[in-house]
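Worksheet for the structure shown next.
The values are calculated or read from the model by the stated rules, or taken from the named source; none is laboratory data. Computed from a predicted structure; not experimentally measured. Here the Cβ positions follow ideal geometry from the backbone for every residue, glycine too, while neighbour counts run over all protein chains shown. In case anyone asks, the SASA skips ligands and DNA or RNA and just uses the protein heavy atoms, side chains included. Shrake-Rupley method; radii C 1.70, N 1.55, O 1.52, S 1.80 Å.
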Amino acid sequence: MVSYSSVGKKARLERIIDPRGTLIFAFDHWFEHGPSDFPEDRLNPRTILERVISAGVDAVMLTPGDAKLFADIWTGRTSLIVKITSKTNLRPPDERLLQSVIGTVEDAVRLGADAVAATIYWGSPMEDMMLRRWVAIREAAEAYGLPVLQLAYPRGPTISNRYAPEIVLYGVRAAVQVGADLIKTYYTGSKESFAKVVEAAAGVPVMMSGGPKRDKPLEFLRDLKAVRDAGAAGAVVGRNIFQAKDIEAMAKACKTVLVGEMSPEEAAEGLK
Ligand code: FBP
């Protein structure tokens, strides 16, 4: 049935998703990881964001405060996803398995966002609490026709390998079952295994989460190609872009591979 909110959700998702291959820049790392992610020449988030947006990404995923502070950079240039859950690494390790609420769906609406994002650590001892928060977020977002991106991250004491295909599959199916409109999850290491993840999502767009910076950009670009070939919607990338030698060139290379305009090898040439 067509409703105002289903139309709104579809229209907003279309502003984020490039059917040829979507690149979203994740930039919540100051909150999630702290200074360890930011070498001295990368301390200013404004400079990083400016460079990435100049390179051309389909959306940026920011915390509410950064979305407000850097509105002059992103408005009119790219789509915005506001991440409204997070955790700091200053917490005791056990408590890092819980994402706290750091903003509201209404904050995202006021900021002009095209989607909200929230993480669930599937397998965490605090999974139940994150699920309750998720349901509240999803319900509020529904009222505004705002899509909800779930960072579906299997993580907890029973999970020895969070990248194992059957573990990622489980998290992605669970994300679909609680109503995620867009899913970001770990790369399972091969095109074949990621294709199964995409298949299990049954039409809900799946995106690869970038992960720690790879030593060689070519290795990362090959993963992007595999993800594209697996039928995924694209990738949500942070560190592999903002820690790259040349931030703009790497963002462009990622997008070019995701849309299939260049092979990873050709795109990597431009980085030398
Ligand atoms: P990366 O591409 O840098 O991995 O960014 C994606 C992301 O999910 C961020 O949104 C988030 O801050 C971070 O990774 C979480 O990293 P971790 O897996 O170490 O908790």
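Ordered from highest to lowest accessible area with the whole protein assembly present and a 1.4 Å probe, 114, 66 read as 66, 114. Between residue 177 and residue 218, full extension at 0.36 nm per residue minus the direct alpha carbon distance yields a gain of 11.3 nm. Of all beta bridges that DSSP places with both ends in region 78-213, some 10 percent have antiparallel geometry. Please tell me which of these pairs span more than 25 angstrom C-alpha to C-alpha: 216/255; 68/213; 191/245; 196/216; 225/252; 10/255? Result: 68/213; 191/245; 196/216 exceed 25 Å. If you run the Gaussian network model on the chain, springs between alpha carbon atoms under 10 Å, then out of 173, 214, 138 the most flexible one is 214.
Loop only per DSSP, at most 15 neighbouring Cβ atoms within 10 Å: give me the trypsin sites (Lys or Arg not before Pro) in region 32-104, ordered by residue number.
Those that pass, being in a loop and sparsely packed, are 77.
Each semi-axis of the equivalent ellipsoid for the chain is √(5λ) with λ an eigenvalue of the Cα gyration tensor; in descending order they amount to 25, 21, 20 Å. Using a simple spin-label model with pseudo-atoms 7 Å out from Cα toward Cβ, residue 126 and residue 202 lie 3.1 nm apart. Between the beta carbons of residue 163 and residue 263, assuming R0 = 25 Å, the FRET efficiency works out to 0.50 to the nearest 0.05. Mean-square fluctuation check for the chain, GNM, Cα pairs under 10 Å: which of 97, 69, 80 is largest? Looking only at 97, 69, 80, the largest GNM fluctuation is found for 69.
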